[in-house]
Structure formats: C-alpha cells, structure tokens
C-alpha cells in the first residue's frame, strides 16, 4: 500500500509487537509501520473496527500506540529511535472503559 521512494541510507531497529523492524533514521513511527505494510494500529473503542493513521499531523488520534511502555502515544508525531519498543493495543485494551450501557 505505502512504500518508500528510496531505500534509507541510515537505519535503526525498532520492535513492533516484539518483532524487529528496520526503520529509516528520522522518520516517524507511523511512517515506519505503513512502509512495512502495517496499516491497522488499533481497534476503535466503541465498535472494534480497524483504525490506522489518517491525518499524519496529530489531529485525528487514529495512530495511537504504546511506545516504550507509554500508552496513547501518537505514532505520527513520534520519531523512531534505536531499540524503540512499539506495541499495538489489543481490542480488549482499547475497549476498557467504553462498555456499552443500556
């Protein structure tokens, strides 16, 4: 779906759900995941539908991830760093506190 226009000359290794992934130095977490073919970052809180980056400028909050143990970080505004740990929240984690009420 997305691809880089050229191969990066400098890279770092990040870990997405514990799997190593090569990322271009200076790019955002969202750009790294999209270039790797990962378009779904989380599930929508109410209906569980797939969510991924939309605006890429920090306005929509559809790119929320856990980054280095900190939940709810915007992947589109966070620059990758060597050894960074990125975790996509599970549907259960996204739905905590958003249960349907009669």
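The values are calculated or read from the model by the stated rules, or taken from the named source; none is laboratory data. Since the structure is predicted, the reported quantities are computational estimates derived from the model, not experimental observations. Ideal geometry is used to build each Cβ from the backbone, glycine not excepted, and the neighbour counts take in all protein chains shown.
Looking at 4, 51, can you tell me which residue is in contact with a helix residue (DSSP H, G or I) (Cβ under 6 Å, 6 or more places away or on another chain) and at negative phi?
Numbers: 51 fails: in contact with a helix residue (DSSP H, G or I) (Cβ under 6 Å, 6 or more places away or on another chain).
Criteria check complete, one pass: 4.
Can you say whether residue 65 is closer than 15 Å to residue 87 by Cβ and at pLDDT 95 or above, as far as the supplied structure shows? In short, yes.
State yes or no: is residue 48 in contact (Cβ under 8 Å) with a residue 12 or more places away in the chain and out of contact with any strand residue (DSSP E or B) (no Cβ under 8 Å at 6 or more places or on another chain)?
Details: in contact (Cβ under 8 Å) with a residue 12 or more places away in the chain: yes; out of contact with any strand residue (DSSP E or B) (no Cβ under 8 Å at 6 or more places or on another chain): yes.
In short, yes.
Looking across segment 23-53 at every residue that is closer than 21 Å to residue 3 by Cα and exposed (fewer than 13 other Cβ atoms within 10 Å of the Cβ), the one that is farthest from the chain's Cα centre (by Cα) is identified as 26.
A single member of 43, 23, 81 is out of contact with any strand residue (DSSP E or B) (no Cβ under 6 Å at 6 or more places or on another chain) and modelled with pLDDT of 95 or more, and it is 81.
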